[in-house]
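Okay, structure first, notes after.
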Amino acid sequence: MSGPQHQPKVTEREARQVAEAAREQDWRKPSFAKELFLGRFRLDLIHPHPMPATEQAQRGEEFLAKLRDFCETKIDGALIEREARIPDAVIDGLKELGALGMKIDTKYGGLGLTQVYYNKALALVGSVSPAVGALLSAHQSIGLPQPLKQFGTPEQKETYLPRLARTDISAFLLTEPDVGSDPARLATTAVPDGDEYVIDGVKLWTTNGVVADLMVVMARVPKSEGHKGGITAFIVEAGSDGVTVENRNAFMGLRGLENGVTRFHRVRVPAANRIGPEGAGLKIALTTLNTGRLSLPAMCVGAGKWCLKIAREWTSVREQWGKPVAHHEAVGAKISFIAATTFALEAVVDLSSQMADEDRNDIRIEAALAKLYGSEMAWLIADELVQIRGGRGYETAESLAARGERGVPAEQLLRDLRINRIFEGSTEIMHLLIAREAVDAHLAVAGDIIDPDKSLGDKAKAGAQAGVFYARWLPKLVAGPGRLPGAYGSFHPTGHADLSTHLRYVERTSRKLARSTFYAMSRWQGRMETKQGFLGRTVDIGAELFAMSAACVRAELLRSTGDHGREAYQLADVFCRQSRIRVEELFGRLWTNTDDLDHKVVKGVLSGTYTWLEDGIIDPSGDGPWIADATPGPSARENVHRPIR
């Protein structure tokens, strides 16, 4: 079934051009991850581990102490799960605590926390209630405060940031019923009318939308005289005439999430409420996400820490065949994976966050890798916890408590974490986004060679540029410090595990990854962008190498500060050994896989060749369109918007 009839029709190439135009084109600052994909292991960019200023750390720790007390005494995670709603009193309490303004500058009434401490706060809140963590994250990481901070006018900041810091909840509205990661097909319009714009359209999955006071709305401005047009960002008051929250959506997990469907019918917005120029909406959204994505892996770290605690406590008291189950190798391996991976996830998030605070490096790839890796690994950690708990892992916390046992919400965590692999960029989209950034240097010098729209003259010029670049670059991929036995010797202090061997592995493997990418580009050229299986594996290798690097650097930081250094080295060592096994498997699958066969099977499935395989079942999903109609017009449904005052 096709999408709604008003949907813009775009070709694949046009869609790619829109996405490409929204990218941040320049690399004005160094990037550890970008260099890693190019085969250059720049340890100096992350080691010694950057640290927050003393005053920033003190302010952050003081707030965390207040937030911990609030979480322990005022937030009932089981109640939120049971009633599928965050009590208004909890949200009011968070407002009084200043939690809505964690990332807002103190001059606007916010707390002015660093990214590091903002993430620690989200991990803490998310551990007691992922739904509350999601509300705070959606409000500040992708909601109005972040784009205002980066792109707002002084007047906009003065008007809205004080409200957002203390009283008003914000939401970010981009997705539509038939538009996900392909914004070129955005259907919501904002038509200029004097010194106003008139917005019409429907937005789906508006996290915080049900309770929002202020919204960032992405809409398409038609090109006309005096108007450049294009996808544009607007500040919209949620209580404006013509705004209707038509549905509060319900999900597998995050049952307290205030996520809805929002319709705009002739909603008038002052031109002064436009963020940035016309046509800059997607660039604003993507730039906002560069650091905004770090909030999600921060909550994944909190989940990993909780899983480790429960696994430790449970497996030490649960006995089978004469000893605690932790001492059975099959279970012990899972505990080791949870502990080592949690250490690495925290290392990745803290390193990326501190780099974001210092603003010395371009962390667009690091933040994306943190989101990708954190969401995937946290899901595996939670799944292993459910397995360790056995039948109790599948049983709800409420049921466990009802029959007299500790109400451990392991199955809830699994449900709550599942969305992380989808929203703020699904794993598949993150693979493509990171791959595009990772090969940017290649496309900058050789992109015209494979561009079918370029003239022969342009291709010849690009060929000359590429020849110079690769003549300098390729020889450097042959050898490096990773082949010198004594390299990175400071990571092998007496009495500790040897992490220098892992850093040498990262250096060698980054060069191998760069060679593999170059070979693939030479082989497939213009078809490279269609090789999503290959691109995904290269990104996963890069993610593992980044995580290994972060884990080693964090272990050395903890050793140098005398804070559990020996144990940190041990965890980093185990993680790197586990990671290296995954990396070698991914390298094997770069060239030995079923990608081509899979494509043939997909064609057969879609053509109906295998419908006989579907015999013998009953489809319980019922009738109805696959995608709801989102034709602009007045709402025919009750407005379920409920601002919290």
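The values are calculated or read from the model by the stated rules, or taken from the named source; none is laboratory data. Please read these numbers as outputs of a predicted model, since none were measured by experiment. Note that each Cβ is placed from the backbone with ideal geometry, even for glycine, and that neighbours are counted across all protein chains shown. Side chains are part of the model used for accessible areas, which takes the heavy atoms of the whole protein and leaves out ligands, DNA and RNA. Shrake-Rupley method; radii C 1.70, N 1.55, O 1.52, S 1.80 Å.
Tabulated data for the structure shown
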quantity: One residue from 357, 383 being open to solvent by 30 Å² or more (accessible area, probe 1.4 Å), touching a Pro at 6+ places or on another chain (Cβ under 8 Å) and assigned to a helix (DSSP H, G or I); calculated: 357
quantity: Positions within the range 445-499 being of a type in the set (Lys, Arg) and more than 30 Å from residue 570 (Cβ to Cβ), in sequence order; calculated: 454, 459, 461, 472, 476
quantity: In the range 100-115, the residues that are crowded, with 24+ Cβ neighbours inside 10 Å and either in a helix (DSSP H, G or I) or in contact (Cβ under 8 Å) with a residue 60 or more places away in the chain (or both); calculated: 100, 101, 104, 115
quantity: Of the criteria (1) of a type in the set (D, E, K, R); (2) out of contact with any Asp or Glu (no Cβ under 7 Å at 6 or more places or on another chain); (3) more than 30 Å from residue 24 (Cβ to Cβ), which one residue 268 fails; calculated: (2)
quantity: Residues (in contact with a helix residue (DSSP H, G or I) (Cβ under 7 Å, 6 or more places away or on another chain) and open to solvent by less than 20 Å² (accessible area, probe 1.4 Å)) located in the range 259-281; calculated: 275
quantity: Identity of the residue in the range 213-230, under 26 Å from residue 628 (Cα atoms) and over 22 Å from the mean Cα position of the chain (by Cα), that ends up surrounded by the most Cβ atoms within 10 Å (Cβ to Cβ); calculated: 219
quantity: Pairs with Cβ under 8 Å, 6+ apart, first in the range 161-174 and closer than 11 Å to residue 98 by Cα and among the polar types (S, T, N, Q), second assigned to a helix (DSSP H, G or I) and open to solvent by less than 40 Å² (accessible area, probe 1.4 Å); calculated: 167/95; 167/100
quantity: Filtered residues of the range 415-428 (kept if out of contact with any Lys or Arg (no Cβ under 9 Å at 6 or more places or on another chain) and in contact (Cβ under 8 Å) with a residue 60 or more places away in the chain); calculated: 417, 418, 419, 423, 426, 428
quantity: Qualifying residue in the range 186-200 (condition: open to solvent by less than 10 Å² (accessible area, probe 1.4 Å), in contact with a Cys (Cβ under 9 Å, 6 or more places away or on another chain) and either assigned to a helix (DSSP H, G or I) or at pLDDT 95 or above (or both)); calculated: no
quantity: Of the criteria (1) part of a strand (DSSP E or B); (2) closer than 21 Å to residue 259 by Cα; (3) open to solvent by 40 Å² or more (accessible area, probe 1.4 Å), which one residue 181 fails; calculated: (1)
quantity: Test: residue in the range 493-513 that is among the aromatic types (Phe, Trp, Tyr) and surrounded by fewer than 17 Cβ atoms within 10 Å (Cβ to Cβ); calculated: no
quantity: Residue in the range 250-257 that is over 26 Å from residue 372 (Cβ atoms), open to solvent by 60 Å² or more (accessible area, probe 1.4 Å) and at pLDDT 95 or above present; calculated: yes
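Results for (1) of a type in the set (Val, Ile, Thr); (2) at positive phi; (3) open to solvent by less than 40 Å² (accessible area, probe 1.4 Å), shown as yes or no for each residue.
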{"residue": "313", "(1), (2), (3)": "no, no, no"}
{"residue": "342", "(1), (2), (3)": "yes, no, yes"}
{"residue": "348", "(1), (2), (3)": "yes, no, yes"}
{"residue": "362", "(1), (2), (3)": "no, no, yes"}
{"residue": "365", "(1), (2), (3)": "yes, no, yes"}
{"residue": "372", "(1), (2), (3)": "no, no, yes"}
